[in-house]
Amino acid sequence: MKNLQINDLDRHFRPLHEELSAATQRVLGSGWYILGPEVIEFEKEFRVCSGTKDVVSVANGTDALEIGLRSLGVGFGSRVVTAANAGAYSSIAILAAGAVPIYADVDPERLTLCPGQMERALAGGGVQAVVVTHLYGRIADMPELQRIAERYGVPILEDCAQAHGASLHGKPAGSWGHVSAFSFYPTKNLGALGDGGAVATSRPEVARAARELRQYGWSNKYHVGRSGGRNSRLDELQAAYLRVMLPKLEQWNARRREIANLYWRELQGTGLVLERLSGENDVVHLLVCRSSRRDQIRSHLVAKQIGCEFHYPVADHFQLGLMIDDRPRLPVTEGWCAETFTLPCFPEMTNAEVCLVASAVREAFYTLAQPQAA
């Protein structure tokens, strides 16, 4: 069998070659390459997905996080509450803005920021913002998180890099907080053919700040009216490609849900911690499981040419490069980081491939249960 990857981008994009080629020719024929009609139209079209009144496209998802924070007034010395189990992306953006990450533990089922733990962090005082990451395609408990944040007068930035099209109570991911950040990295549920990102908001003052910050802090051309700006613009080609793919997002997410439900049925009784979908709001960016034998399971799958990754093995407060001096105790976060692993899941994956992966996982558990020879 050919190697089965976590994400197979060739299978994902190949059926779109004709449409993507037409988009390329459209851009080449327009004479616009930066901040032109494709960007303008994509920003308009993506408002529906984000459920917001305004979208400001930027160069990548990490810039979207930092610019989103800066648009809320976060800067040097600000304290920002976030989770530590999402690959350090929010931490890197917080530090890039000159702020200090304050870590709170996650809910053991959703794996997103725990409302009670967030409240404990806010009660300590001095917090300027909260970053809530909708992890693995499941939206966080936004009604409760929002209620608590409002009581303390602290704005929320939603990290929606893994939640394009997710919703809760009919309200899209990205429309709950003061501002949200999206990534269009190729492996995302809505991915470009390169880097890209967006800041989404329904607050005019936040949108205005983000739009200035993405282009040097210009209030007018060549007039820097806002500090913290940079060159962070989604180019016309990537915007054109995203316009091709955006109408297909709902169908792709539906297929991801089908795959997740099939995995759930096939892996019952193995002892894996594999949460069942909570409804049509989940978009299954990653198919994540938990087991104390994850290293052995991964070795077994890799030997069979089946992709298996760890998302994410090192919690932010243990990342050496972040130089976190005061490391909090986050038992739920640390437990999941030590035992989580990811199985292949992408819209073009067949049911037969899902069953093959599930069979290999069951085989791994059977092998591990056998007595070892002396």
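Computed from the coordinates by the stated procedures, all read-outs in this text should not be read as laboratory data. From a predicted model like this one, the values you see are computed outputs, not experimental measurements. Here Cβ is always computed from backbone atoms with ideal geometry, including for glycine, and neighbour counts include all displayed protein chains.
Points to keep in mind about this one:
- Residue 174 fulfils the conditions (1) over 24 Å from residue 242 (Cα atoms); (2) of a type in the set (Gly, Ala, Ser); (3) under 16 Å from the mean Cα position of the chain (by Cα) except for a single criterion, (1).
- Considering the range 72-145, the qualifying strands (runs of 3 or more DSSP E), each wholly inside and each with 1 or more residues that are under 16 Å from the mean Cα position of the chain (by Cα) and touching a residue at least 40 places away in the same chain (Cβ under 8 Å), run over 79-82, 127-133.
- For the range 127-159, a residue qualifies if it is surrounded by fewer than 21 Cβ atoms within 10 Å (Cβ to Cβ) and of a type in the set (Ser, Thr, Tyr), and exactly one does: 152.
- Subset of the range 186-204 [among the hydroxyl-bearing types (Ser, Thr, Tyr), out of contact with any helix residue (DSSP H, G or I) (no Cβ under 6 Å at 6 or more places or on another chain) and closer than 21 Å to residue 39 by Cβ]: 202
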